[in-house]
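J.: Got a structure for you, written out below as structure tokens; questions coming shortly.
The values are calculated or read from the model by the stated rules, or taken from the named source; none is laboratory data. Everything numeric in this text was worked out from a predicted model, so none of it was measured. Glycine gets a Cβ as well: all are built from the backbone with ideal geometry, and neighbour counts include every protein chain shown.
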Amino acid sequence: MAKRGISALSTQEFINKEKEFCAPNYHPLDDLVVSNAEGVWMYDVTGKKYLDMMSAYSAVSFGHCNRRISRALMKQASELCITSRAFYSDKLGSFAEKLCRMSGMDMTLPMNTGAEAVETAIKGARRWGYQVKKITENRAEIIVAEKNFHGRTTTIIGFSSEEAYQRDFGPFTPGFKKIPFGNVRALERAITPNTCAFLVEPIQGEAGIIVPPRGWLKEVASICKERGILLILDEIQTGLGRTGKLFAFQHELDTPPDGLILGKALGGGVMPVSAFLGKKEIMSLFTPGSHGSTFGGNPLACALGLEVLAMLEEEDFVERSRNLGFYLFEELKEIESSLITDIRGKGLFVGIEIDKERATAREVCERLKDKGVLSKETHETVVRFAPPLVITEREIEFAVEKLAQVLDEIEMEELSLSS
Ligand SMILES: *Cc1c(COP(=O)(O)O)cnc(C)c1O
């Protein structure tokens, strides 16, 4: 990392350039321009070091520039990167097989971004609704949860409950029905003969790490089965070890759901790799010409995905997430600050709710950054701690200590203001 600390432009110049030439659809933390990273640490253009407690929304679960992943990337990049699905490759079959074996699903359809895999799931569910369940043409309904996050395409945002995601992007795709998250009775009531699927996150990530009541998913699975609708889980963020199980559904279900959506960490934090997986009776309805993606299932993506799956099998990421998740939770509970109103999560997937009358999560994140810890607010009130799964206990202690200091500072300032 010879480059570290020596940069042609200053922090503000990099930021200004981004602001001038990029559409302002994000609001990154101020005064920070990242140029290098390794494991759980990120380095900015001035050489300052930061602990990454965000992992790019769980995309870098195995740490930045992970050796095994980098090696797999370099090897495959020098052999074959893309064929398009016009031709068979020597990588896709092996990747698909391993993905199906590890998740307990029959077949997969590989895509790139998470939103594309969600779109694929929607198409799969509707086709199954018409061709297997015999729903009248164009009447199929999919039930979703309020405060869901499934991506940013026009169809997906159409069933979001976030005004900011939707404003002036309509008209939206019909055929979706929203119910409160974690509510079994609402699901039972919402099902009609036209319902083909319930699409839901096992833990709502972008909504603020919302953990449903214990037993909810188990009941949901049995209702879906009884009433003849598909259960499709979006595990783009919760999957691949994040919550202390390989898949979050394993906290409650003994058998996999009908459909499963993966992304983010599946690409090893290197490139977008996503997949919709499902039972054969759904997946076999995707006939040639019905769906596709130029880059979906490309050999480079498959090599990365294969390495990620091999790492999950051979190394202890899932256990680490579970054990260190408990540790993080315990450490956070020790913080004595009335600014924290709730701590929730599973594994290394934790949300810290900040008293919104007194401080914004954004303010907490900005101050954490100044102390060398990176996170990002989710909505106005939640600070997310979801570090790469390679984090150590000492690094967790560091993050928690900095959070305690930040909250202390805010409380001290409140006191001095009121006196
Ligand atoms: C990030 C995310 C998506 C969208 O993935 P993209 O790769 O950004 O399209 C969908 N669902 C969930 C649960 C996510 O966390």
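J.: Could you grab me the full set of residues in segment 157-183 that are under 24 Å from Arg227 (Cβ atoms) and under 19 Å from the mean Cα position of the chain (by Cα)?
T.: Correct list: Phe159, Ser161, Phe181, Gly182.
J.: Which of (1) without any contact (Cβ under 8 Å) to a residue 40 or more places away in the chain; (2) closer than 23 Å to Val382 by Cα does Phe172 not meet, given it meets every other one?
T.: It fails just one condition, (2).
J.: Could you give every pair whose Cβ atoms fall below 8 Å, whose first residue belongs to segment 236-250 and is without any contact (Cβ under 8 Å) to a residue 60 or more places away in the chain, and whose second residue is within 12 Å of the ligand (Cβ to nearest atom) and of a type in the set (Asp, Glu), counting only separations of at least 6 or pairs across chains?
T.: Phe249/Glu235
J.: Separate question: Determine, yes or no, whether Ile191 is within 15 Å of the ligand (Cβ to nearest atom) and farther than 30 Å from Ile354 by Cα.
T.: In short, no.
J.: Using the structure shown, decide if Asn148 is more than 22 Å from the chain's Cα centre (by Cα) and assigned by TED's automatic domain parsing to the domain that holds Leu262. Write out each step before concluding.
T.: Values: more than 22 Å from the chain's Cα centre (by Cα): no; assigned by TED's automatic domain parsing to the domain that holds Leu262: yes.
So Asn148 does not fit the description; no.
J.: Continuing with the same structure: Take Arg139 and decide whether it is over 22 Å from Glu353 (Cα atoms), part of a helix (DSSP H, G or I), more than 16 Å from the ligand (Cβ to nearest atom) and not assigned by TED's automatic domain parsing to the domain that holds Glu377. Step through it out loud before you land on a result.
T.: Details: over 22 Å from Glu353 (Cα atoms): yes; part of a helix (DSSP H, G or I): no; more than 16 Å from the ligand (Cβ to nearest atom): yes; not assigned by TED's automatic domain parsing to the domain that holds Glu377: yes.
No; evaluated as a whole, the condition is false for this residue.
J.: Looking at Gly241 and the list (1) buried (at least 24 other Cβ atoms within 10 Å of the Cβ); (2) in contact with a strand residue (DSSP E or B) (Cβ under 9 Å, 6 or more places away or on another chain); (3) at positive phi, which single condition is not satisfied?
T.: (2)
J.: Out of (1) within 30 Å of Thr108 (Cβ to Cβ); (2) under 21 Å from the mean Cα position of the chain (by Cα), the odd one out for Phe286 is which?
T.: It fails just one condition, (2).
J.: If you scan segment 244-268, which residues turn out to be within 12 Å of the ligand (Cβ to nearest atom), within 21 Å of Arg384 (Cα to Cα) and surrounded by fewer than 24 Cβ atoms within 10 Å (Cβ to Cβ)?
T.: none
J.: Working only within segment 196-237, note down all residues that are touching a Ser or Thr at 6+ places or on another chain (Cβ under 8 Å) and within 15 Å of the ligand (Cβ to nearest atom).
T.: Glu201, Pro202, Ile203, Gly205, Glu206, Ala207, Gly208, Ile209, Ile236, Gln237
J.: Here is a further query. Checking the structure you have, find out if any residue of segment 115-124 is touching a Lys or Arg at 6+ places or on another chain (Cβ under 9 Å), under 15 Å from His291 (Cβ atoms) and within 16 Å of the ligand (Cβ to nearest atom).
T.: The first filter runs over segment 115-124 and keeps only residues touching a Lys or Arg at 6+ places or on another chain (Cβ under 9 Å), leaving 115.
Within this subset, residues satisfying the condition of being under 15 Å from His291 (Cβ atoms) are 115.
From what is left, the residues that are within 16 Å of the ligand (Cβ to nearest atom) are 115.
Looking for residues that are touching a Lys or Arg at 6+ places or on another chain (Cβ under 9 Å), under 15 Å from His291 (Cβ atoms) and within 16 Å of the ligand (Cβ to nearest atom), one finds at least one in segment 115-124, hence yes.
J.: Also: Identify, by number, the condition in (1) under 22 Å from Ala72 (Cβ atoms); (2) buried (at least 24 other Cβ atoms within 10 Å of the Cβ); (3) away from the ligand (no atom under 16 Å from the Cβ); (4) aliphatic (A, V, I, L, M) that Ile282 doesn't meet.
T.: Of (1) under 22 Å from Ala72 (Cβ atoms); (2) buried (at least 24 other Cβ atoms within 10 Å of the Cβ); (3) away from the ligand (no atom under 16 Å from the Cβ); (4) aliphatic (A, V, I, L, M), only one is false for Ile282: (1).
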